[in-house]
Each structure stands twice: as structure tokens, then as C-alpha cells.
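Data first, discussion second: the structure below is written as C-alpha cells.
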Amino acid sequence: MKNLVANTDIRDRHAELAQRLNSYSKQYYIFDNPSISDAEYDAIYNELLALEKEFPQLQSKESPSQKVGGVDAKRFKKAIHTVPMLSLENAYSETDISDFIERVRKISGIEGVIEFVLEPKLDGLSASILYKEGELVSAATRGDGFIGEDVTQNILTIGNVPKKVMNFSGEVRGEVVMQKADFLELNEQRRLNGEKLFANPRNAAAGSLRQLDPAITASRKLTFFAYSIIADSQMRENSRSTTVSDFSITLSTQLAVLQALQDLGFAVSDKVVVCKDQSEAFEFYKKIEKQRAELEYDIDGIVYKVNDLSIQRKLGSSAKFPRHSIAYKFSAEKAQSMVLDIVAQVGRTGNITPVAELAPVSIGGVVVSRATLHNKDELARRDIRVGDRVVLQRAGDVIPQIMYPILEERSSGSIPFCFPTTCPCCGSVLLEEKDEAAIKCININCEAQLVEKLIHFVSRQAFNIDGLGERGIRFLYEKGVIKSSSDIFRIEKQRGFLESVDGWGKQSVENLVKSINAARMITLDRFIYALGIPRIGTAMSKLIANFFKSYNNFLESAANRRGDELCQVKGVGVSVANDFNRFFANESNLKITRELGGDENGAKGIVTIIDVESTEKKGLFSGQSIVFTGSIEKFSRDAAKEFVERFGGKAASSVSAKTFLVVAGKNAGQKLDQARKLGIRVISEEDFLEIIGDADRGFSDAKNGLAFE
Ligand code: IVH
């Protein structure tokens, strides 16, 4: 007979356990930073289950036994590594490396030259992917090296992980990373949604891969770089598995492994060298350390690996590390600086962000002079003050972060920062909403917001106007040349005036006009993103564009404030729908949208929007390679590449017999000659625009080989 009434002590204990479990789970799933061990978690969880078994009324919907931190309480299935996933020993100096090489010599007994392969140490999380006869059968995280988590479904969502690899059987190991640009984009989206930000790309990659719902992983952009193959024979030595082909038997060096991985279709780092002597290796280390900030992904050192796999085997491993490899870490990127001022910055949606202005300081080769303090609550919690000396860190290489103020050095007269109550730009009273961290300026005519909107409009993920960034926009706005985003496309009218402005010659105006004209064509998702609707970042814009399919549908919904229909889309919530409606309730936003994209009565807009339907339907260039040559004026090379890819093709740089089509601009030279010689179709850039702008004609005719005559 079950106990129906739990006394207060029991209820309190249950509540305490529930609260602790929820917090641990959040750390584990959302911030990817487990605060206790699995065993401790299980013990607390079991106590909670025992209480609920005895007092079933405690088992509410909110109980961690039903859901934990918004996800199912169960964790991942365990995956055993038949060959353990070891870790790498760290080196911090050239002496450490010399010692390592000495050790390698001693144990291997080799006196002559030993080759090393040097690879970047990617800063993500390692994963092991198992293939059987060419099929991806399972994938796991490293875990403690012996037992990891089964993340097969999540790995399957990573675009660049080959799902089929000829008839290969064995395990491929590598690093799952989030590229810096994807990380920044994800955090921007999370900021718009009022969600907690990831501290760095590594945490974001780990948090994204270790999701119980693979749909969430799929919505994040992850990249896999492979660095080793565990052959079937090795796996057999460690287990009783009997699989057929043994791929790696023919591979005798680490370099050959990387080559083989590439041939199988895996991405491998392109920053790899083989070194025979130490000074060459140190040069490489220094070169990559310098490039570090500019790389697309984070790295935190250089891995030295003995190239010859037979020597590797001879060296073997200790319990924790292989003896053939070592990671020469880059020095930690920390620095100190002084907070000169704290300013309240107005964002494009009116959110006020406190930003610390710092005495410029170089961290890892990049000069930092500003750091965000996130929001009012965060600033109050961390109590960073003007005049403080602070320790800075470049979080995972990307964003400068203030770690903490050095309290011992704080001057006695220092006072906490007083958050403004009015907008620093327009003076309107700021709105502080109850459950939101953000404090807002809600004046839609606030100039700071208008300028931020314009900067957003031309940014890389939006109209991507080459050569027109923040500085250019501020300048054009101050000069009164542009007031709204549609003015950007009318800039030609201001040619005369611009040419007369100090510092602007004929040529720079010409370049500006050219790059603006080159950006007149845009896909629907980028267009939606460019409008700058609160909460609608790049990922959300894609969902919305896929839902509406065409600009006309989008406009109709916007003009009639039917944002609620967006709630049908998985991943779009009521708050997005509300923001959509609120945005278009503002007549001037609707007016600008119509000016840009055209109106409901068929009046043409000043830009061309490529509907989703047409791009989806058309395999216009399916599997074909297209070469652009000469000076193309109507669109940028990046846009050309993007469109070709959207239509299923590939933009190539050289003309061969396999080239499908050559688009030739003015002054095309050798490539054009080559195309003519090979009898490849050549079209003008205007033809190209017409074809991709006019979806239906382009599709059927191109398929029949008629469109380009
Ligand atoms: S080789 C014995 N190569 O570093 C493990 N590891 O600290 C040998 N890592 O768990 C792995 N880049 O996640 C190797 N080019 C690279 C690497 C790399 C990053 C990671 C890997 C490993 C950790 C060890």
C-alpha cells in the first residue's frame, strides 16, 4: 500500500533533490560543464526515485524523473571504446619538445632522423566514428577514454561527416568543432532569444553534440576534422569483433593516414607539415600561432606525431598518453588592462548593452579595446567599475572577455556603475521588462537603432555589401546620404555629392556603387534576416523563408500581421510571431520592405529576391561545374558561388572539358579562349542573372540543354 501523504520533511527533501538535480542537469546538458560525477548524480537521482516510489504524489510533471532541465531524464547510451581514446601529453616550451624527442629516440633506439608530422591541435571534442563495410554504424564521444557516449544520431547530422565510405571498415577519430563564424552566429541567435550564451566555440560544440534530441544538434553548425584511423586489426586485438577488409594495413605513415582520410571524403586540417628537424618544427609552431586568430576554427597548440607508424607502435603508450605524440600548447591568451569607461550601447532592436572601454591591449596578436559586459544584471553581479584593473581573456580565441577585476588594486573612491534609465542616444525612458535581462529603448525613431539596423542590413549574413561596413554606414548616415536601408540602393543618385566629399575620390565612389549594385540579388532567407526583425537571426530566417517559400507570401503575411501562422513551423515560438507582427505593425518597416522587394500589386522592388521554391525546385546546375571569368559587375564572386551552389552546381576556378558553363564578364581572357576551344557554352553575366532569376524557364530549358543558346 502506497503512502499517500508525504510529511513536510519528505516534501522538502524531495524539493531539494529535485532542485539540485535540475541544476546539475543544466550544467551538464546546457552548459556542457558537469558539476558532479555521473556516480554522484546517479546516487541523488536514485534517492529521488525512491522517494517518488514511496510517495507517488511527489512525482509531478516538473520532477527530474520526468524531465531534466527541459530534456528527458535519461542520459546517453554508453559506448565502449575497444581501443581506448587516450589523451595527449602537453608541452609548454621548446625544452619540453626537445625532451620529448630525446625520449622518443631512447625508447625507439633510433639515432638517425626521425620525421614528425605536425598538426594543429583543434579545440573541440573528440569523437570516434565506426564504419562497417562502408556504412557509418555508430559514433561516440571520448568520455573517460574507455567509455564514451553513443552520439550516433547526432554525428549523422553533421554535414561533412561521410555517411558512406567505399568499403572501409574501421574507426575514424577526429575532432568535432564549431567554426568561429558559426559560433558567433549561434550566440547572436541565443542573445536575441534571451538564452544563455556559450563561452567559447568548444563549449558550443560540446553542448551541441551532446544533445539528447538530434534535431537540436542538426540545427547547429558543426564540423568534423579527422586525424586518425583505428584499423580493424587493432580493434580485433582488443575485442572479438571480426570484420572484413583491413584498410590501414597498407598505410605506413601518419601523413598517409591523413591522405587516406581525405580520399575517403573526410575533412582533414590543411595546416599539416612533415618536419625532419627541430628548428623547422619551431618555425611552423610560430607561424601557426601567428595565424591562430585568423583561422576559421580554434586551435590551442600544435600536435607533434612520429610520422612512421611502425615506430609509433614500437613506442606504444603509457596508461594515459601515447609515447609517440605530444601537444605543444600555445601560451594562454590572457592580459590585463584598465577599464577607461563603461558605455551603454544601443543595439538595433533597442537593447541596451553595457560595454567596457579598455586601454588597448594585445591578446594573442589581436588588439582589444572593448569588451561586452552583457547586461545590467550581469554587470551588477560582477561589479566591474570604471577605473578597475581587469584580467582579460579571449574566450576560445574569438570574443574578448573580462574575467574579473583585481580588487586589491581598486581605488578607494571607486563606485559601482550606475545603469542609465534613459537612452544614451535619444533620451527616451528605458523599458525594463520583468522577466527579461534586456533593458530596451522603445523609441522606433531612435537614431542609434536606425544606424545599427543599417549596419546589420549590409553585414555578411545579410546583403553582404563588399567594402561597406560599420564605418561606411556611419559616415553615409551622418552625411544624410542614407536614412533607410532602401536608400543604400539609390546611392547612385548621390554620386555627385559623394565625389565632392573630403576623402572620397571618384574611384572610391565608383567602387562603392559597384559593390552595392553587385548585391541587388538576394535569397529570401537573407532578405528576411537583413530586415532586422527582433529575434529573427540567420537560422530563424531560414525556417521562415522555407515556410513562406516566396517573397509574395512573406509580404502578404507581413502586411496582414499574420505572424501567428509562423507558429506552425517547428522551432518558431509565439515570441517570434509576436515580434514579427510588432515589426510590421510599424508602417515604415512595411514601406521599406515593399520598396526593397516590391509590393502586393506587382510593382517591382529595387532588389531581386530569389524565392525558396525556385531554388529548391531547380537542379538547374545539378552536379555541374561553372566558371566565372573576366570582370563581373552585376554580382559579387561570393554571390555567384552561393547561387551556383543553391542550384546544385559548383563554382570552379579553371576550365576543363568537364566544365558545364562559363560566365564571362568584360575583358575575359584565357579561360574564355579555353572554353571556346573546348566548345563549352559561354554566356554573359546578364544571361546568368536572367536564368537564375527566372526559375521556371531556367530549369526546364537548361535541363534540355537549350537555355544558353
Ligand atoms: S591525436 C592520444 N590530433 O586533443 C590522442 N588529437 O589532448 C591522440 N586533438 O582527445 C589524438 N587535435 O580531442 C590528435 N590533430 C590532433 C588533435 C587532437 C585535437 C585533441 C583530441 C584529444 C586531445 C588530447
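A few notes on this one:
- Approximate spin-label separation A15-R103, in nm, with each point projected 7 Å along Cα-to-Cβ: 5.4 nm
- The packing ranking, built from the mean of other Cβ atoms within 10 Å per residue, places the peptides 137-145, 497-505 in the order 137-145, 497-505, highest first.
- Pairwise label distance in nanometres, E357 with R471, each label 7 Å out on the Cα-Cβ vector: 1.8 nm
- Residue ranges 346-352, 268-274, 300-306 sort as 300-306, 346-352, 268-274 when ordered by packing (mean number of other C-beta atoms within 10 Å per residue, highest first).
- With a simple spin-label model that places each label point 7 Å from the Cα along the Cα-to-Cβ direction, the separation between K514 and K286 comes to 3.9 nm.
- Spatially proximal lysines relative to K334 (Cα-Cα < 26 Å; intrachain offsets below 8 disregarded): K121, K180, K196, K271, K286, K287, K290, K376
- When each full DSSP H helix of the chain is screened for a Cα extent of at least 27 Å along its own axis and an average Kyte-Doolittle hydropathy of at least 1.6, none passes.
- Antiparallel bridges, percent of DSSP beta bridges restricted to the chain (to nearest 5): 80 percent
- Sorting the segments 423-429, 388-394, 89-95, 527-533 by their residues' average number of neighbouring beta-carbon atoms within 10 angstrom, most packed first, yields 527-533, 388-394, 423-429, 89-95.
- Modelled FRET efficiency - R0 56 Å, N90 with E690, Cβ distances, 0.05 increments: 0.45
- Convex hull projection area averaged over all views, the chain, Cα basis, nm²: 40.7 nm²
- Stokes-Einstein D in µm²/s, Kirkwood radius over Cα pairs - the stretch 518-655 at 10 °C with 1.306 mPa s viscosity: 99 µm²/s
- Sites S622 and N7, calculated FRET efficiency, Cβ-Cβ separation with R0 60 Å, nearest 0.05: 0.30
- Loop-located trypsin sites (Lys or Arg not before Pro) in the stretch 511-580 (DSSP state other than H, G, I, E, B) with a sparse environment of at most 13 neighbouring Cβ atoms within 10 Å: K570.
- The E111 and L295 beta-carbon pair, evaluated with R₀ = 35 Å, returns a calculated FRET efficiency of approximately 0.45.
- By the helix-only formula, in which each DSSP H run with n ≥ 4 contributes -39500 (n - 2.57) and the sum is divided by residues, the chain has a 222 nm mean residue ellipticity of -11000 deg cm²/dmol.
Every number in this text was worked out from the coordinates using simple rules, so none of it is lab data. In this text the structure is predicted, and so the values were computed from the model without any measurement. Note that we place each Cβ from the backbone using ideal geometry, even for glycine, and neighbour counts take in every protein chain shown.
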